[in-house]
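Contents: one structure, followed by commentary.
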């Protein structure tokens with residue numbers, strides 16, 4: 001349990017951050033997110049740099065104003081997106097040259113540029129440009145990427161520190177360091193320890209959940225989290241399903257983000273206390289119970305599984321909205337429960353009870 | 001100005017009915033519709049009969065429960081849909097044989113079947129099966145369709161009256177008659193007068209806005225409305241744009257429905273007091289004013305044109321929602337204004353002032 005103070009408010013941890021890559025959490029309004037209890041949203045500097053572009057967001061007075069969300073925002077630099085989406089990318093020590101995946105325009109971004117971009121976004125928590133690798137990845141390639149990530153982290157920190165006094169935005173931004181190193185414990189250890197020496201406000205685990213087997217992932221998360229200082233936020237990027245979240249929190253992770261609730265929501269799959277439920281399935285066509293009888297979100301207090309199935313079946317956008325809304329609420333409620341049981345020192349009991357219900361599965365109905 | 005009492009509440013007229021064909025007004029929640037002041041929604045018996053099917057809706061206890069809307073609902077029979085969507089349709093005096101446009105299953109529906117379907121939907125206002133024709137349409141073909149529409153209206157009324165006492169639903173349903181006759185005044189007159197003799201609770205103008213020139217449409221609407229009794233609701237089906245609504249109300253129309261607000265909304269076009277505005281256009285990329293500075297909807301009180309443009313430009317569902325929401329609110333607010341100026345006998349002044357601002361156009365910015 002912890003607290004992270006930012007220019008737009010305090011975040012209670014452990015926390016889950018709904019993902020709003022392009023300045024919107026897909027299908028949901030800021031009002032719905034606030035009502036669901038979201039404390040902080042994640043957005044993406046690479047995507048916003050390409051569209052709508054920094055001129056627009058600067059004119060809006062920053063991302064909070066632009067998207068009408070006045071609570072904390074964490075922006076990822078886009079290291080992962082550049083390596084997975086951009087075309088013709090050339091990574092040099094100086095920075096990354098790439099072609100936009102949208103319109104093919106050429107760009108060159110240095111770590112310092114991503115600091116400037118995120119200054120203009122006025123994000124509360126800033127992530128430096130890092131180099132991501134795929135899984136599997138040879139040790140020497142992973143080592144090269146890790147070392148470049150460290151150099152870029154150092155440059156980002158120095159540039160960030162020099163520029164904080166010039167910020168016209170809401171207040172002090174926070175910079176995290178990102179631990180890379182693929183699935184190699186030696187590389188992860190080297191990276192984490194050097195980032196700790198640079199003394200960031202928080203530390204993220206990057207390059208996780210890129211196709212590695214679950215057990216390997218759990219081991220790396222545990223390994224790295226144990227090295228990182230306990231008194232600073234530890235942020236596991238891009239994770240995950242409820243079972244992954246619980247494992248991560250048990251290992252000491254304080255912050256997580258994942259597209260899972262909204263992506264699965266758009267595909268008609270709900271996360272419930274009784275497990276995953278694919279509401280599109282014909283078995284639910286005459287089921288007039290709510291998605292999750294333990295849930296108090298708008299979807300569960302108003303609509304039946306049968307109606308949601310009908311919406312998903314007929315391609316109706318309201319269906320995408322309602323399942324996404326429920327899922328986000330479910331993930332946020334899971335974190336609230338986790339905060340409570342950590343405080344009461346009842347995490348292990350909670351974990352047992354949660355999985356007792358969740359693993360039965362709701363899909364088999 | 002008038003009032004129509006239904007089993008789920010009183011409707012103040014003139015009124016506009018947002019269209020929820022498949023049991024949902026596209027992209028919008030019932031809560032948003034209620035907050036926008038929608039009094040009554042329109043849904044479609046043909047579509048609901050095909051999906052999710054009457055078993056589901058009966059089990060739900062009717063359409064109001066199914067879609068979580070406890071205010072009035074008017075259901076169209078689907079005469080228009082059967083003639084425009086269904087495949088291999090054969091129209092006989094007995095009824096219509098057709099193949100579903102969804103899965104090719106064959107069906108035969110008589111006017112009595114549509115009464116049964118709408119009884120199971122528990123709609124407040126029921127529309128009989130009618131025969132629609134295209135534009136242009138030869139006089140003798142239009143006459144044949146009009147006469148069949150009258151026969152079916154008679155059968156519907158008799159069957160409806162016999163069955164009202166057996167309704168297990170919320171209370172008394174209301175049946176309207178539909179005036180057909182294409183663009184031929186003689187046919188429209190015959191049809192209207194015979195329906196009046198059958199003594200329906202309200203009268204609809206069907207087969208309007210099917211491609212005929214605007215002036216011809218305006219003339220037919222005026223012509224028919226003048227024949228219909230003033231003390232019963234006169235419902236112009238499938239109309240229209242704000243200018244069409246104003247013309248219709250001026251002619252005496254009490255109820256209208258149209259997909260325009262939500263369809264245009266999904267295409268990024270907003271209706272504002274200053275005219276139509278296609279927010280996707282690049283000219284709005286740095287416009288931080290609201291869609292309509294006179295509007296108090298959630299969209300206009302929270303988001304800028306620049307942000308909405310970004311959402312529409314990036315295919316984000318929130319953009320479709322927000323523009324649709326504004327449009328529905330705009331149409332409903334237009335009706336509220338119309339009700340007020342009719343009450344104060346200031347309709348013509350209002351009309352002049354409205355078009356003075358609206359015709360300047362907002363797109364040319």
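The values are calculated or read from the model by the stated rules, or taken from the named source; none is laboratory data. Remember, predicted model here, so these are calculated numbers, not experimental data. Using ideal geometry, Cβ is built from the backbone for each residue, glycine included, and neighbour counts are taken over all protein chains shown.
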(request) Considering each of B:140, B:113, B:130, B:124 in turn, give the residue that is over 17 Å from residue B:45 (Cα atoms) and either surrounded by 18 or more Cβ atoms within 10 Å (Cβ to Cβ) or modelled with pLDDT of 95 or more (or both). (result) B:140
(message) Of all residues being under 10 Å from the mean Cα position of the chain (by Cα) and more than 11 Å from chain B (Cβ to nearest Cβ) in region A:16-39, which is nearest to residue A:338 (Cα to Cα)? Just the residue, please.
(response) A:16
(request) Scan region B:311-324 and give yes if some residue there is closer than 23 Å to residue B:354 by Cα and crowded, with 24+ Cβ neighbours inside 10 Å, otherwise no. (result) yes
(message) I'd like the residue in region B:248-269 that is within 14 Å of chain A (Cβ to nearest Cβ) and crowded, with 19+ Cβ neighbours inside 10 Å and, out of all such residues, is nearest to residue B:304 (Cα to Cα).
(response) B:265
(request) Need at least 3 residues that are modelled with pLDDT of 95 or more and within 29 Å of residue A:331 (Cα to Cα) per element, so show me which strands (runs of 3 or more DSSP E) inside region A:1-108 make the cut, counting only ones lying wholly within it. (result) A:2-6, A:9-13, A:15-18, A:41-44, A:73-76
(request) For residue B:181, state whether it is in a strand (DSSP E or B), within 25 Å of residue B:256 (Cβ to Cβ) and touching a helix residue (DSSP H, G or I) at 6+ places or on another chain (Cβ under 8 Å). (result) no
(request) Any chance you could count how many residues in region B:108-158 are farther than 26 Å from residue B:72 by Cβ, in contact (Cβ under 8 Å) with a residue 40 or more places away in the chain and touching a strand residue (DSSP E or B) at 6+ places or on another chain (Cβ under 7 Å)? (result) 1
(message) Given the options A:31, A:50, name the one that is free of Cβ contacts under 8 Å to residues at least 40 places away in the same chain and out of contact with any helix residue (DSSP H, G or I) (no Cβ under 6 Å at 6 or more places or on another chain).
(response) A:31
(message) Condition first: buried (at least 24 other Cβ atoms within 10 Å of the Cβ) and more than 12 Å from every other protein chain (Cβ to nearest Cβ). Now tell me which residues in region A:44-58 satisfy that.
(response) A:45, A:46
(request) Considering every residue within region B:121-139, establish whether at least one is within 25 Å of residue B:255 (Cβ to Cβ) and within 14 Å of another protein chain (Cβ to nearest Cβ). (result) yes
(request) Only one of these is surrounded by fewer than 23 Cβ atoms within 10 Å (Cβ to Cβ) and more than 14 Å from chain A (Cβ to nearest Cβ): B:9, B:61. Name it. (result) B:9
(message) So in region B:69-82, with the set limited to residues that are surrounded by fewer than 20 Cβ atoms within 10 Å (Cβ to Cβ) and either in contact with a helix residue (DSSP H, G or I) (Cβ under 7 Å, 6 or more places away or on another chain) or closer than 14 Å to residue B:148 by Cβ (or both), which one is farthest from the other protein chains (Cβ to nearest Cβ)?
(response) B:81
(message) Every residue in region A:300-337 that is touching a strand residue (DSSP E or B) at 6+ places or on another chain (Cβ under 9 Å) and more than 14 Å from chain B (Cβ to nearest Cβ), please.
(response) A:327, A:330, A:331, A:332, A:334, A:335, A:336
(request) Please specify each residue of region B:200-227 satisfying the condition of being surrounded by 24 or more Cβ atoms within 10 Å (Cβ to Cβ) and more than 14 Å from the chain's Cα centre (by Cα). (result) B:221, B:224
(request) Take residue A:348 and decide whether it is part of a helix (DSSP H, G or I), farther than 22 Å from residue A:17 by Cβ and without any contact (Cβ under 8 Å) to a residue 24 or more places away in the chain. (result) yes
(request) Return yes or no: is residue B:357 under 20 Å from residue B:240 (Cα atoms), part of a helix (DSSP H, G or I) and over 25 Å from the mean Cα position of the chain (by Cα)? (result) yes
(message) Among (1) in a loop (DSSP other than H, G, I, E, B); (2) touching a helix residue (DSSP H, G or I) at 6+ places or on another chain (Cβ under 9 Å), there is one condition residue A:338 misses while meeting the rest; what is its number?
(response) (1)
(message) Among the residues of region B:195-204, are any farther than 29 Å from residue B:110 by Cβ and without any contact (Cβ under 8 Å) to a residue 40 or more places away in the chain?
(response) no
(request) For region A:270-288, name all the residues that are crowded, with 21+ Cβ neighbours inside 10 Å and either free of Cβ contacts under 8 Å to residues at least 60 places away in the same chain or within 14 Å of chain B (Cβ to nearest Cβ) (or both). (result) A:279, A:284
